[in-house]
1. Would you be able to say whether some residue in the range 78-86 is in contact (Cβ under 8 Å) with a residue 12 or more places away in the chain, touching a helix residue (DSSP H, G or I) at 6+ places or on another chain (Cβ under 7 Å) and assigned by TED's automatic domain parsing to the domain that holds residue 154?
2. Can you say whether residue 61 is in contact (Cβ under 8 Å) with a residue 12 or more places away in the chain and more than 16 Å from residue 154 (Cβ to Cβ), as far as the supplied structure shows?
3. Would you check if there is a residue in the range 124-131 being under 22 Å from residue 62 (Cβ atoms) and buried (at least 16 other Cβ atoms within 10 Å of the Cβ)?
4. Only residues that are surrounded by 15 or more Cβ atoms within 10 Å (Cβ to Cβ) and under 29 Å from the mean Cα position of the chain (by Cα): list them for the range 138-154, please.
5. So, of the residues in the range 170-185 that are more than 31 Å from the chain's Cα centre (by Cα) and assigned to a loop (DSSP other than H, G, I, E, B), which turns out to be farthest from residue 109 (Cα to Cα)?
6. Of (1) part of a strand (DSSP E or B); (2) surrounded by 14 or more Cβ atoms within 10 Å (Cβ to Cβ), residue 162 satisfies all except one. Which?
7. Given the criterion assigned to a strand (DSSP E or B), over 18 Å from the mean Cα position of the chain (by Cα) and either in contact (Cβ under 8 Å) with a residue 24 or more places away in the chain or more than 25 Å from residue 174 (Cα to Cα) (or both), identify the matching residue among 66, 30, 118, 44.
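The values are calculated or read from the model by the stated rules, or taken from the named source; none is laboratory data. What you are looking at is a predicted structure, and each value in this text was computed from that prediction instead of being measured. A quick note on method: Cβ atoms are made from the backbone with ideal geometry, for glycine too, and the neighbour counts reach across all protein chains shown.
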């Protein structure tokens with residue numbers, strides 16, 4: 001009888017120990033699933049924040065450059081350190097191994113702007129739209145013409161390496177100046 005009782009107690013102890021292990025495993029699996037859900041939620045939040053930050057960066061710098069394409073009507077407004085200017089692309093022509101364009105700068109201020117400089121990037125557009133970065137060329141330019149207040153100033157620029165048939169865009173950025181002058185009373 002003692003042997004039967006001992007075997008019965010051992011069997012009961014084994015069952016309870018097994019159940020305890022099984023319930024611990026179930027508990028750990030439930031915790032892992034909860035943590036996976038939290039990680040997935042955090043990943044989604046991080047992606048959303050990264051997207052919002054990239055959009056903020058994009059819109060923050062949107063007025064610091066003008067992207068002009070041949071055939072587009074109108075002008076772009078660009079923020080410079082002296083104020084806003086309008087810029088349009090006019091008269092695209094073949095020139096040597098590239099393209100000659102006329103940039104029309106509109107001085108929206110009441111001061112003459114001297115020593116205008118800018119960074120120009122130009123190249124082809126992809127067939128499906130968008131800038132073809134592989135063909136992009138870039139250079140810094142200094143213009144000799146002063147921009148009179150409240151008026152348009154035409155400036156011719158040669159963009160090497162892209163003939164007019166392949167010319168897709170010119171981007172004007174980092175606009176600087178060496179000084180301003182105003183009328184005296």
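1. Filtering the range 78-86 down to residues in contact (Cβ under 8 Å) with a residue 12 or more places away in the chain leaves 78-86.
Subset that is touching a helix residue (DSSP H, G or I) at 6+ places or on another chain (Cβ under 7 Å): 78-79.
Imposing the further condition that a residue be assigned by TED's automatic domain parsing to the domain that holds residue 154 reduces the set to 78-79.
Yes - at least one qualifying residue is present in the range 78-86.
2. Numbers: in contact (Cβ under 8 Å) with a residue 12 or more places away in the chain: no; more than 16 Å from residue 154 (Cβ to Cβ): yes.
So residue 61 does not fit the description; no.
3. Kept after step one, since they are under 22 Å from residue 62 (Cβ atoms), are these residues of the range 124-131: 125-126, 129-131.
Okay, now just the ones that are also buried (at least 16 other Cβ atoms within 10 Å of the Cβ), so 125, 131.
Checked the range 124-131: at least one residue is under 22 Å from residue 62 (Cβ atoms) and buried (at least 16 other Cβ atoms within 10 Å of the Cβ).
4. 143
5. Restricting to residues being more than 31 Å from the chain's Cα centre (by Cα) and assigned to a loop (DSSP other than H, G, I, E, B), the top hit is 185.
6. Here residue 162 clears every test but (1).
7. On the way: 66 fails: over 18 Å from the mean Cα position of the chain (by Cα); 30 fails: assigned to a strand (DSSP E or B); 44 fails: assigned to a strand (DSSP E or B).
One residue alone meets the criteria, 118.
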